[in-house]
Structure formats: C-alpha cells, structure tokens
Amino acid sequence: MPHIYYGDPFPRFSRREVEILAENGADFIEFGVPFSDPIADGSTFQEACQRALENDITPEDCIRGIEKLREDGLSIPIIVTSYYNILYAYGMEDFLERLNEAGAQGIIVPDIPIEEVNSLAKAGRKKDIHVILQATPKTSKNRERKIINTTSGFLYIVNFEGVTGTRRSIPNSTIDMINKVKNLSHMPLMAGFGVSTKNHAKSLVSAGVDGVITGSALRKIYGKDLNNPKETLSDIAEFARQMKKGCEEGYEKRTL
C-alpha cells in the first residue's frame, strides 16, 4: 500500500502517480490529506504537506481527487489518512460520508488515541468506512487488545518509535510484535514506517504480515525533479514492482 500526500507537488501528478502505482502492483492506496502539523510524519512528508498546502490543496480538493481517480477507472481500495483536526472542522460524519460517496474504503487518523476513538468507529460503521487503527511494539498488552478489537479492515503495525521515514532495517521488536498479534487475532496486518526496500517487504511478509505500507521512499524518488516529476514515473513504476515482488517472495518463504 503506497502512501501519497495529494497535491505534492501538484494534483495532476498525484493522480498519475496513483495510477502508475496501481498499474505496477499496488493493492491499496493510502491517500493522505495534507495537514499543517502532521505529527506522525518525518521531514520528508512534512515537506510534502507544506508544498501541497502552499498549492492551496484543501480536504475538499482531496475528495474530488478521489472522485476523479474513480471516474478514470481506478478500482483498488483507497484508504484516506487525515489528522483529526480536519474531521473535526469538516464535521466527522459529513467527512466520512463524503469519502464514501467519493469511493474511499477506509480512514487512518494517526493522532486519535484508542480512548477517544469510539465515536469515530461508530460513525465509520454507519458510513461504511473502515476506521483503521495503529499499534507499535511499545503498545501495552491491554491497549493492544483494545486496538485489535476496535480496528476495522486491518491493523496497522508501526515498525518504529517516532515518525515516518526511510530506515536501513526492520527491528526485531517489530517481528516479535507480529508474532504476538497473530497469536491474539486473525485480523489482517499491514506494517508501515521505514519500509523502503524490496528486502524490507520480504522480511515483513515472511514474518507474518499481510502487506506493507511505504511512502517516504516514493517522495524521495519524485523529489529528484519537483519541477518536472513526471520524468520520475518510470522509477516509481519500478519501485512499485520491486515492492510487490518483495511481498510475493516473503509470502512464498512463509508458506515453504
């Protein structure tokens, strides 16, 4: 599941990027709504948000972007990422209803804690939008159980303490967490934060997750030429193919 922030460096490129990713192996798209204080994101995505906001990208622009992608034939699921301020200002149920109408299937709200998520989860069920929660290797057992029992669609495993961004390797604590969660639940698992290479994808899927989430690595590819990012689309396509291959090899290793 590649993660993009819509409107960086401009909307038409974001839509074409999503199409290229889908054509080259992406099974889901994580569609980020730019926000001024993305506290779960590292510098790469902070800069992406800032550029999109400087382009006057609004939440409604993002919803229209999803609608346009659906009109143009994109069929894979779209999972929206938005910080809670946006839902609060827009109106939580209205926002989820608009996402459903536009063709999104789920939402990730990184800054809402499990203690505050009940109304959002209830609204998600009402509006047919999966509310996807996150857990980390540092999450307590009690909180972890609550998160597993509340999340819808899949559980997002955060590989690292801290924020998004590329890393060299996947820590053993993540592998341990995958094993622990699989003993507690049959909920599908997706792992993100720091996933940037084929080998990362292979090791995580072979350890038991059902898929991986990658974002900052994509931004670094098209960031090589922000004035003409379409020139990087072939590199983005190859990156997507390699990540998909890593997932497939990881699954094959798991089933041997």
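The values are calculated or read from the model by the stated rules, or taken from the named source; none is laboratory data. Keep in mind the model is a prediction, meaning the values are calculated, not measured. Positions of Cβ are generated from backbone atoms using ideal geometry, with glycine treated the same way; all protein chains shown enter the neighbour counts. Please note that ligands, DNA and RNA were not included when accessible areas were found on the heavy atoms of the full protein model with its side chains. Shrake-Rupley method; radii C 1.70, N 1.55, O 1.52, S 1.80 Å.
Could you give me the ³J(HN,Hα) list for the range 105-117, computed from phi with Karplus coefficients 6.51, -1.76, 1.60 and θ = phi - 60°, whole Hz, x at Gly and Pro?
Residue by residue, the range 105-117 yields 10, x, 9, 10, 10, x, 9, 9, x, 4, 5, 10, 8 Hz.
So how do L69, L53 rank on accessible area, 1.4 Å probe, biggest first, that is with the largest at the start?
Result of the area sort, largest leading: L53, L69.
Can you pull the percent of the chain's accessible area that's carbon plus sulfur, 1.4 Å probe, other chains left in place?
The computed percentage sits at 45.
Please work out how much length the chain gains when fully extended from D128 to A89, using 0.36 nm per residue of separation minus the C-alpha to C-alpha distance, in nm with one decimal. Intermediate values should be presented prior to the final figure.
Values: separation 39, 0.36 × 39 = 14.04 nm, distance 2.06 nm.
Roughly 12.0 nm would be gained on extension.
Express in whole angstrom the spacing between the alpha-carbon centres of the range 1-48 and the range 167-220.
The range 1-48 and the range 167-220 have Cα centres separated by 19 Å.
Of K202/K224; K202/K245; K198/K253; K68/K198; K68/K244, which pairs sit farther than 20 Å apart, going by alpha carbon to alpha carbon?
K202/K224; K68/K198; K68/K244
Suppose all protein chains stay in the model; what accessible area per residue would a 1.4 Å probe give for the range 3-255, in Å²?
That works out to 45 Å² for each residue.
So what is the calculated 222 nm ellipticity per residue for the chain, using -39500 (n - 2.57) for each DSSP H run with n of 4 or more, over all residues, to the nearest 500 deg cm²/dmol?
-15500 deg cm²/dmol
Compute the FRET efficiency between D176 and L226 as 1/(1 + (r/R0)^6), taking r as their Cβ-Cβ distance and R0 = 45 Å, and round to the nearest 0.05.
0.70
Sort 210-219, 118-127, 56-65, 99-108 by packing, meaning the average of other beta carbons within 10 Å per residue, with the highest value first. Show your work: numbers first, answer last.
Working: 210-219: 23.3, 118-127: 15.9, 56-65: 17.9, 99-108: 20.8.
Taking the mean over residues of other Cβ atoms within 10 Å, the ranking is 210-219, 99-108, 56-65, 118-127.
Which values of log₁₀ I(q)/I(0), to two decimal places, follow from the Debye formula for the range 1-115 at q = 0.11, 0.12, 0.14 Å⁻¹ with a uniform point scatterer at every Cα?
For the requested q values the scattering log ratios are -0.31, -0.37, -0.52.
So what's the range 122-256 giving for Rg/Rh, alpha carbon basis, Kirkwood Rh from the mean inverse pair distance?
1.01
Work through the residues other than E249 whose Cβ is under 15 Å from its Cβ and net out their charges, Lys, Arg +1 and Asp, Glu -1.
Around E249, the charge tally is +4.
Quick one: net charge around D72, please, counting Lys, Arg +1 and Asp, Glu -1 for every other residue with C-beta under 9 Å from its C-beta. The partial results should precede the final answer.
Details: positive: R15, K68, R70; negative: E19, E71.
Taking every Cβ under 9 Å from that of D72, the sum is +1.
With the convex hull built on the Cα atoms of the range 28-73, state its orientation-averaged projected area in nm². Mind dumping the intermediate values first?
Values: hull surface 14.9 nm².
So the mean shadow area of the Cα hull is 3.7 nm².
Normalised by the empirical 2.2 N^0.38 Å for globular proteins, what value does the Cα Rg of the chain take?
So the chain has a normalised radius of gyration of 0.94.
For the chain, what is the charge dipole size about the Cα centre, in debye to the nearest 20, if Lys and Arg each add +1 at the Cβ and Asp and Glu each add -1 at the Cβ?
1000
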